Amino acid sequence: MTAVLDQTVALVTGASSGIGAATAAALSAQGATVALAARRKDRLDTLAASIRDNGGTALVLESDITDEQQAADAVARTVAELGRLDTLVNNAGVMLLGPAVGAPLSEWQQMIELNVLGLMYCAHAALPHLLRAAEDSPRRVADMVNVSSVAGRVARSGSGIYNLTKHGVGALSESLRQEVTKRHVRVSLVEPGAVETELAGHNRPEVLEAMRTQFSGVERMHAEDIADAITYIVTRPRHVAINELLIRPTEQER
Ligand SMILES: NC(=O)c1ccc[n+]([C@@H]2O[C@H](COP(=O)([O-])OP(=O)(O)OC[C@H]3O[C@@H](n4cnc5c(N)ncnc54)[C@H](OP(=O)(O)O)[C@@H]3O)[C@@H](O)[C@H]2O)c1
């Protein structure tokens, strides 16, 4: 039986947990060969083993994509070892919240370095390969999916720099979309609301407590729900481009 993404190669950043891990598994289930990039190699090895157990093919790329060279190497190794690149999922991200007054500047820098610069390095390295894939692949289309957030649509008190990074991802995505869409590289933006992952866990205890109050009683989404949306985007026929998806848990109001 053939699957929609047979013969294609997808690189997923931040594949060691949460949305990235679920997306890599979902794309593999659709036939894609997957390259898994993140810093925690043990997690990537475990995911790769499970993908292989299910009949898929996975390449582990231990990479810190805030480092320009490591980001470029992740893309280059994907193409060198798997032969091509049809899909880039720019998913790796960090969210460090709390009042701006007195916030550790290092947290702000971390978000800019990963959510903006890391994504930018991967996008820059991948674009020539995506353009080539759109020309010579059997599907004659390629995808870059950028994971933003509800925070990329609306700014709120206490999340200014996260808002800044995700609004930036939205702006870059739309600009790139216009630039390459006629060449059949689809650039898509996914904006999740609250998803149960490790993301919030990197915050300071007092910030975590405030977040718990904000979302108390709300049933969060699962990483697989967002993986499902990303899979939908990249499995559309060549003439259909899903530009943007805003996805909230049903009970999330804002
Ligand atoms: N969870 C939510 O509620 C939610 C809502 C809206 C948007 N999002 C967005 O969804 C994306 C995925 O987040 P998640 O919720 O799945 O969180 P997560 O479980 O914390 O996953 C974040 C991923 O990013 C990777 N990462 C962190 N620093 C990295 C670096 N320097 N180089 C390479 N990879 C790095 C992590 O792997 P390593 O630590 O192993 O490197 C991990 O795989 C993020 O862009 C986030 O902003 C999440």
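The values are calculated or read from the model by the stated rules, or taken from the named source; none is laboratory data. What you see is a predicted model, and the numbers here were worked out from it, not measured in a lab. All Cβ positions, glycine included, derive from the backbone under ideal geometry; neighbour counts span all protein chains shown.
What the table shows:
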{"item": "Candidate set: the stretch 47-76, residues that are within 27 Å of THR2 (Cα to Cα) and among the charged types (D, E, K, R); chosen: the one nearest to the chain's Cα centre (by Cα)", "result": "ARG52"}
{"item": "Any hit, the stretch 6-13, residues being more than 14 Å from the chain's Cα centre (by Cα), surrounded by 16 or more Cβ atoms within 10 Å (Cβ to Cβ) and either modelled with pLDDT of 95 or more or within 8 Å of the ligand (Cβ to nearest atom) (or both)", "result": "yes"}
{"item": "Answer from ALA194, ALA229, ALA155 - the residue that is over 15 Å from ARG248 (Cβ atoms) and not β-branched (Val, Ile, Thr)", "result": "ALA155"}
{"item": "Residue count for the stretch 181-223, restricted to those that are more than 19 Å from the chain's Cα centre (by Cα) and closer than 26 Å to THR8 by Cα", "result": "4"}
{"item": "Those residues of the stretch 229-244 which are crowded, with 16+ Cβ neighbours inside 10 Å and either away from the ligand (no atom under 12 Å from the Cβ) or more than 20 Å from ALA151 (Cβ to Cβ) (or both), in sequence order", "result": "THR231, ILE233, VAL234, THR235, ALA241, ILE242, GLU244"}
{"item": "Meets criteria (surrounded by fewer than 15 Cβ atoms within 10 Å (Cβ to Cβ) and modelled with pLDDT of 95 or more) for GLU196", "result": "yes"}
{"item": "Test: residue in the stretch 16-24 that is β-branched (Val, Ile, Thr), under 30 Å from ALA155 (Cα atoms), out of contact with any Cys (no Cβ under 9 Å at 6 or more places or on another chain) and within 8 Å of the ligand (Cβ to nearest atom)", "result": "yes"}
{"item": "Residue in the stretch 169-177 that is modelled with pLDDT of 95 or more, more than 9 Å from the ligand (Cβ to nearest atom) and of a type in the set (Val, Ile, Thr) present", "result": "no"}
{"item": "Condition broken by GLU191, with the remaining ones in (1) of a type in the set (Asp, Glu); (2) in contact (Cβ under 8 Å) with a residue 60 or more places away in the chain; (3) in contact with a Lys or Arg (Cβ under 8 Å, 6 or more places away or on another chain) satisfied", "result": "(2)"}
{"item": "Qualifying positions in the stretch 184-217 - in contact with a strand residue (DSSP E or B) (Cβ under 9 Å, 6 or more places away or on another chain) and more than 13 Å from the ligand (Cβ to nearest atom)", "result": "HIS184, VAL185, ARG186, VAL187, SER188"}
{"item": "Qualifying positions in the stretch 40-76 - among the aliphatic types (A, V, I, L, M) and crowded, with 18+ Cβ neighbours inside 10 Å", "result": "LEU44, LEU47, ALA48, ILE51, ALA58, LEU59, VAL60, LEU61, ILE65, ALA71, ALA74, VAL75"}
{"item": "Tally, over the stretch 77-114, of residues that are surrounded by 20 or more Cβ atoms within 10 Å (Cβ to Cβ), of a type outside the set (A, V, I, L, M), closer than 25 Å to ARG183 by Cβ and in contact with a Leu (Cβ under 8 Å, 6 or more places away or on another chain)", "result": "4"}
